[in-house]
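Shown next, in structure tokens, is the structure this report addresses.
Every number here is computed from the coordinates shown, using simple stated rules; none is lab data. What you are looking at is a predicted structure, and each value in this text was computed from that prediction instead of being measured. Note that each Cβ is placed from the backbone with ideal geometry, even for glycine, and that neighbours are counted across all protein chains shown.
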Amino acid sequence: MIRDINEALFNDLMKRTDMVVVVEFWSPSCSICKDVAPAYEQVAQEMEQEATFVRINTDGNVQMAQKLGVAGTPTFMFFCRQGKVGEVVGITSATLLRNTIRDSIKYNTACPRKKRPSYDLDGYG
């Protein structure tokens, strides 16, 4: 499930969670945002045990978007333990989002680690 939040809720979420937080910065006037929404919703449903998924409307959170360096919409940012660990800007696919989130979890030292098998099927190929 993807929740729509604002800056205050985002700050609270970042203090309370050890999960990866995936944030979509979007705007109601953004046609590309509407095009990628199904992919984001699919990934959120598939990965709800691995990450937290939220949306922030840049029209209502202009200062926050500027502070985080959002130059256009859609922008997907990935956070672990209050720090930004990745970003995808513009049109994207479910596969790219899924693999970028998994790579953030797997390779970034700020992200929580779960016990993994000795082999990994990562979906690239």
- Item | Estimated [θ] at 222 nm from DSSP helical runs (n ≥ 4, -39500 (n - 2.57)) normalised by residues in the chain, nearest 500 | -11500 deg cm²/dmol
- Provide the percentage of antiparallel DSSP beta bridges, counting only those with both residues in segment 2-107; round to the nearest 5. 50 percent
- Please give the length that would be gained between Gln63 and Leu9 if that part of the chain were fully extended, namely 0.36 nm times their separation in residues minus their C-alpha to C-alpha distance (nm, one decimal). 18.0 nm
- Message: Could you derive backbone 3J(HN,Hα) for segment 23-38 from the dihedral phi with the Karplus parameters 6.51, -1.76 and 1.60 (θ = phi - 60°), listing whole Hz in sequence and x where the residue is Gly or Pro?
- Response: 10, 9, 8, 9, 9, x, 8, 8, 5, 5, 4, 5, 5, 8, 3, x
- Note on the structure: The simple spin-label model distance between Lys84 and Ile32, using points 7 Å out along Cα→Cβ, in nm, is 1.6 nm
- Note on the structure: Taking every alpha carbon pair in the chain and sorting the distances into 5 angstrom bins from 0 up to the bin holding the longest one, the percent per bin comes out as 2, 11, 22, 25, 21, 12, 5, 2, 0, 0
- Enumerate the calculated ³J(HN,Hα) couplings along segment 46-57 in order (Karplus 6.51 cos²θ - 1.76 cosθ + 1.60, θ = phi - 60°), each rounded to whole Hz, writing x wherever the residue is Gly or Pro. 5, 10, 4, 7, 9, 8, 9, 10, 9, 10, 10, 6
- What residues have an amide H closer than 5 Å to that of Arg55, excluding those fewer than 5 places away on the same chain, when H is modeled at 1.01 Å from N in the peptide plane? Arg3, Asp4, Ile5, Glu24
- Query: Residue by residue through segment 92-100, which ³J(HN,Hα) values in whole Hz follow from phi under the Karplus form 6.51 cos²θ - 1.76 cosθ + 1.60 (θ = phi - 60°), with glycine and proline marked x?
  - Reply: 8, 10, 4, 4, 5, 4, 4, 5, 5
